[in-house]
Each structure stands twice: as structure tokens, then as C-alpha cells.
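Q: My questions all concern the structure below.
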Amino acid sequence: MGERGAGGSRRRRSGPRRPSAGSPAEGEPEREAEPPRGGPEPAAEPPAESDPDNCGDFRCHKAQESLLSSSSGYSNYRGILNWCVVMLVLSNARLFLENLIKYGILVDPIQVVSLFLKDPYSWPSLCLVIVANVFVLAALHTERRLAAGSLSEKVGTALHAFNLLTILCFPALVVLMVSSITPVGAVFTLSIYTILFLKLFSFRDVNKWCRARGRAKAGRACSASGPKKANGEVAQSGVYYPANLTYKDMYYFLFAPTLCYELNFPRSPRVRKRFLLRRLFEMLFFIQLLVGLIQQWMVPTIQNSMKPFRDMDYSRIIERLLKLAVPNHLIWLIFFYWFFHSSLNVLAEVMRFGDREFYRDWWNSESVTYFWQNWNIPVHKWCLRHFYKPMIKRGVSKWTAQTAVFLASAFFHEYLVSVPLKMFRLWAFMGMMAQIPLAWLVGRFLRGNYGNAAVWISLIIGQPIAVLMYVHDYYVLNYEGSQ
């Protein structure tokens, strides 16, 4: 024991003891930790007189807030979120079982073919898609003539305007005149032509900007913006105007998952096979799920909604509307994931397209404006680049420019619904224009979670209202009149 004590005294004399996370070594006297130099002194322990019961070691209470109080600072509600998911699954399982008992199995994959084709020997939708190449070649050769200087800017602008106007009018006229085309086939065809219109509009603008920059600074190349990282390091091909005016460049842009043209797109270095297979599996699974939900759940609900509309039974109409809201919203969410995540990523992976930002966190939207800016990034980028900013540069106010963007969006929504159904009711147009006062009301009076709830309610309730209005009018126009 003397040796240990001597050793301990020798260690103490040799210098300060190293700090240790554990207890002191055997034989060393316990010492209070010295406060660090220059740091705050540790709080002094309360004197023994402050504990009248002399039971400090047995206390189990302290001043604290309940977890669900806002002042507690607690934010981990993962278990409650899981509970909500379980309740949602159970409630929808009950509805699904009730649907099966009432209607039986209505899913028929063969019926999907009839939605695109009335006559197996007539393929008007496919023919229209093939004819779209004529407008692509017209835009490309117009730009080549402009780059060579054999066309003036005014003549080129007129040719592009005629080509773009024809892209919108020609398929609409064919859909309205040809009786063999189905509404679903017409929606698909007009969607292709709308995308083509937006892409060729961007193609014309970017090449025009390159010519203007070339005239302003002769010899300076017009290249794309800086590279973005996606799927590893991004490779740039380095194409300069007018070397971009080739068939390869044009058709790469047409198939790329973007609406905004660039001379040099960000490219990923390789194709990730596992990632591609996962997205392909999701595409196949969710498209079958969408078809099954539409046939089994939405169609019977819509059919049962016609009688309350005919009788103008408002209580039953509201009940049908709320009943349709659940499957309609679920189908919309599945479609969003299928198209914006699975399908566009498959296309981007195959083409090694580097920019994969097809959507942002629209589900956290606290305003209607934030939702429209983040749920469909390709369209938002196009509107911002080719519509909103040019109007601002011309001196138009921000509010007027935003209203013009909503007007353009309302037109295309109505174009993609009224023309295939061959009736013009403007429900989609009015629904889009109603977003302007709704955005003002939510931004003015609602904040945070309340604003987010208002956005969700507008999505859940607004869409089935438009669906029921169009289906009712289509039913009255095509079935009741013939009976």
C-alpha cells in the first residue's frame, strides 16, 4: 500500500494527470475536475440545506413539458405517421373489399386496347404521331437556312410561327373530323403534339439567342450553362452553334425528358443497369395498378353519380363527389410517381441525360404558387425561361406575367380535354383560372400547416369536381340524347 501511495505521489509530482473518460486508477485518490482555463466555472452544487428531506438521490421529477406541447421542442412523430399509414391501408382495404362484393371483378386488360382503337384496321392516333416528324424537319431546316443566312429573321420567325400554329391546329382538326379515333387515343396524340410544340418553341428561341450572341460578339461560341452532377461526374460534349443543327441533335432533344433546349445537355457517364431495371419494374407494376384501380374503383363510382346529377340531388351529388375523391386522388398520386419518377428516369437513364430534377417537394407546399412551381419541373422551367422572363424583360409586371402563365396553362388543359371529348365546356379552363384567386387567398390568410392543408384539400376535392362535370356532360351528349 505504501508503494502504491508513493507511486501515486510520484505520478502527481511528475505533472498534471491526463483526463480519463473512466474512473480513476486503483489507489489514486479521487479529485474534483478542475475547470478548463479560460472557460466557465462549473455550477456549484446546492448546499445540503437546500434539500430539506435529505433525499436528493431518490428524486424522480423535474420541471418539463408534455411531449405534445408546442413548447416541448419534440418533433419525432414517426410512429404517428406509421399509424396514419396503417389506418389508411385498413380503411381502403375495407372499401376495396366492399367494391369486390358489390361489383365483382371488373378488371379487363383487353378492354384497354379498345380505349385506343375502335377499328383494328384503323390507327389514326399512330398515324398522327408519325406525321409529327414533318413539323420537326420543317423546324430543323428553317433553322439551317437561318444559320446559313439565306433567310432573314423576319421570314424565319414567320415560318416558325406558322409551323407551331399548325402543330396545335392540325391534330385537333383531325381528331374532330375523324370518327374512328377514341377519346383516350386522342388525349395521347394531342399530348405528344403539345410536348412537340413546347420543345420546338424552345428550339427556335435558343438558336435565335445564339445567332444574336454571335452577331454581338463575333467568334464567341454559344454554349450551354455549367454542368450539373448527376449519376457521378457529368460529361460535356462541347457542341457549338451552328454545329448543333443535325438530325442526331434534334432527335436526342425530342426524346430527352426535358422541354428546354440546350446545345450541350449534362450527360451521365454510364447507364446504371440495376437502377434501370428497378424503374422498369415500377413502370410495369404501377401502370397495371392504375388500370385496375380505374376499372374497378373509379368507373363504377362515376356511373353511379349520373342519376344524382340528372335529379339535381345536391346531397347525393356531394356524397358521390366525396366518394370519388379518394380513388381519384390515389390514382393521381400513383400516376405522378409512375410518370415523373419511374418513366422519366427510365428515359433519362437510357439516354444518359444528367439532369434528373423532374419534381421538387411539392407535398410540403404551403401555398398554391409553390405547388405549381415544384410539382412539374420541366413545364415550370419552360414557362419561366420562354414565357415569364421574356415578358418581364419587356416591362410587363410580375402579376400580369403570372396571370399570363396561368392563362396559357389553362388553355392547354382545356385543349387536352375538350378536343378529345369533342365538346367545349371550359371546366378545365375555369378550374385553372380559379387557381389565381385561390393562390391569393391561401397566401394572404393561411400560413404553415394551414396553407399546406389548403393545398391538399384543393387537390383532393378540385380534381373530382372537374371529372364529374366532364363525365356528366359527355354522358348527356353521347348517350342520353340517343336514347
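Q: Restricted to the stretch 193-206, and to residues that are at pLDDT 95 or above and aliphatic (A, V, I, L, M), which residue is surrounded by the fewest Cβ atoms within 10 Å (Cβ to Cβ)?
A: ILE195
Q: For the stretch 388-402: of the residues being assigned to a helix (DSSP H, G or I) and of a type in the set (D, E, K, R), which is surrounded by the most Cβ atoms within 10 Å (Cβ to Cβ)?
A: Among those that are assigned to a helix (DSSP H, G or I) and of a type in the set (D, E, K, R), it is LYS389.
Q: Continuing with this model, one more query. Here is a list: TRP382, TRP372. Which entry is in contact with a Ser or Thr (Cβ under 7 Å, 6 or more places away or on another chain) and either polar (S, T, N, Q) or closer than 14 Å to ALA408 by Cβ (or both)? Step through it out loud before you land on a result.
A: On the way: TRP372 fails: in contact with a Ser or Thr (Cβ under 7 Å, 6 or more places away or on another chain).
None of the others qualify; the one that does is TRP382.
Q: How about the stretch 74-116: which of its residues are assigned to a helix (DSSP H, G or I) and of a type in the set (Gly, Ala, Ser)?
A: GLY79, SER91, ALA93, SER114 - these are the residues of the stretch 74-116 that are assigned to a helix (DSSP H, G or I) and of a type in the set (Gly, Ala, Ser).
Here is a yes/no grid of residues against (1) in contact (Cβ under 8 Å) with a residue 60 or more places away in the chain; (2) buried (at least 16 other Cβ atoms within 10 Å of the Cβ); (3) hydroxyl-bearing (Ser, Thr, Tyr); (4) not in a helix (DSSP H, G or I):
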site	(1), (2), (3), (4)
ALA404	no, no, no, no
ALA408	no, no, no, no
TYR415	yes, yes, yes, no
ALA428	no, yes, no, no
ARG444	no, no, no, no
TRP456	no, no, no, no
ALA466	no, yes, no, no
VAL471	yes, yes, no, no
LEU477	no, no, no, no
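Q: Filter the stretch 309-322 for residues that are touching a Ser or Thr at 6+ places or on another chain (Cβ under 6 Å) and open to solvent by 70 Å² or more (accessible area, probe 1.4 Å) and give the result.
A: Within the stretch 309-322, none qualify.
Q: Ok, one more. Test ASP57 against the stated conditions and say whether it is under 30 Å from VAL184 (Cβ atoms) and either modelled with pLDDT under 80 or polar (S, T, N, Q) (or both).
A: When the stated conditions are applied, ASP57 does not pass them.
Q: In the stretch 273-308, what count of residues is obtained for those that are under 30 Å from PHE353 (Cα atoms) and either open to solvent by 60 Å² or more (accessible area, probe 1.4 Å) or among the basic types (Lys, Arg) (or both)?
A: 12
Q: For the stretch 345-372, which residues satisfy the criterion of being assigned to a helix (DSSP H, G or I), surrounded by fewer than 20 Cβ atoms within 10 Å (Cβ to Cβ) and touching a residue at least 12 places away in the same chain (Cβ under 8 Å)?
A: Across the stretch 345-372, the qualifying residues are VAL346, LEU347, VAL350, MET351, TRP362, ASN364, THR369.
Q: For the stretch 164-192, name all the residues that are buried (at least 21 other Cβ atoms within 10 Å of the Cβ) and in a loop (DSSP other than H, G, I, E, B).
A: Quick first cut of the stretch 164-192, residues buried (at least 21 other Cβ atoms within 10 Å of the Cβ) only: 167, 171, 175, 181, 185-186, 189-190.
Answer for the stretch 164-192, where residues must be buried (at least 21 other Cβ atoms within 10 Å of the Cβ) and in a loop (DSSP other than H, G, I, E, B): just ILE181.
Q: Here is a follow-up. Report, by residue number, each residue of the stretch 117-144 that is part of a loop (DSSP other than H, G, I, E, B) and within 16 Å of THR189 (Cα to Cα).
A: LEU117, LYS118, SER122, TRP123, listed by residue number.
The values are calculated or read from the model by the stated rules, or taken from the named source; none is laboratory data. Treat the numbers as computed from the prediction; the structure is a model and nothing was measured. For neighbour counting, all protein chains shown are included, and Cβ atoms are generated from backbone atoms with ideal geometry for every residue, glycine included. Only protein heavy atoms, including side chains, enter the accessible area calculation; ligands, DNA and RNA are left aside. Shrake-Rupley method; radii C 1.70, N 1.55, O 1.52, S 1.80 Å.
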